Amino acid sequence: QAQLVESGGGLVQAGGSLRLSCAASGLTFSRYAMGWFRQAPGKEREFVAAVSSTGGSTYYADSVKGRFTISRDNAKRTLYLQMNGLKFEDTALYYCAARAYGIPNRSTDYNYWGQGTQVTVSS
């Protein structure tokens with residue numbers, strides 16, 4: 001059974017950095033494109049970033065472009081999200097997800113989801 005487990009969230013001051021990780025098991029990680037999504041209280045889940053199965057292509061929401069970097073290590077079966085220059089509006093529950101096919105920023109195309117890790121940015 002596929003499982004995705006996020007870690008690395010926490011409380012950080014505005015302008016600070018965090019690195020999220022997502023450990024995958026129960027699936028052939030290198031065959032899946034991966035993505036990060038987030039959901040703030042009272043808001044819909046939104047796309048943050050995605051990476052192709054090989055890591056050769058990346059995609060970002062405009063709101064995080066230039067501040068966040070998505071990467072993956074297929075040997076370690078792990079996905080990362082380096083977040084720099086954090087803003088108050090980045091506060092949300094961050095989810096990683098795995099996608100066999102489809103559109104990088106379309107949440108309904110993702111097959112497996114983690115439980116999320118909380119990121120809180122204080123202003």
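Couple of notes before you dig in:
- Calculated diffusion of region 63-123, Stokes-Einstein form, Kirkwood radius summed over Cα pairs, 20 °C and 1.002 mPa s, µm²/s: 162 µm²/s
- For the chain, with +1 on Lys and Arg beta carbons and -1 on Asp and Glu, the positive-most of SER21, SER123, GLY9 along the dipole: SER21
- In this simple spin-label approximation, PHE88 and SER52 carry label points 7 Å from Cα along the Cα→Cβ vector, and these lie 4.0 nm apart.
- Computed on the Cα trace of region 13-95, the radius of gyration divided by the Kirkwood hydrodynamic radius gives Rg/Rh = 0.97.
- Rolling a 1.4 Å probe over the protein heavy atoms gives the chain an accessible area of 52 Å² per residue.
- Burial ranking of peptide ranges 55-61, 78-84, 3-9 (average Cβ count within 10 Å, highest at the top): 78-84, 3-9, 55-61
- The chain, dipole about Cα centre (Lys/Arg Cβ +1, Asp/Glu Cβ -1), debye to the nearest 20: 220 debye
- Taking 18 Å as the straight-line reach from the Cα of LYS65, the lysines in range (excluding those fewer than 8 positions away in the same chain) are LYS87.
The values are calculated or read from the model by the stated rules, or taken from the named source; none is laboratory data. Computed from a predicted model, the values in this text were never measured in an experiment. Please note: Cβ atoms are built from the backbone with ideal geometry, for glycine as well, and neighbour counts cover all protein chains shown. Ligands, DNA and RNA are excluded from the accessible area calculation, which covers all protein heavy atoms including side chains. Shrake-Rupley method; radii C 1.70, N 1.55, O 1.52, S 1.80 Å.
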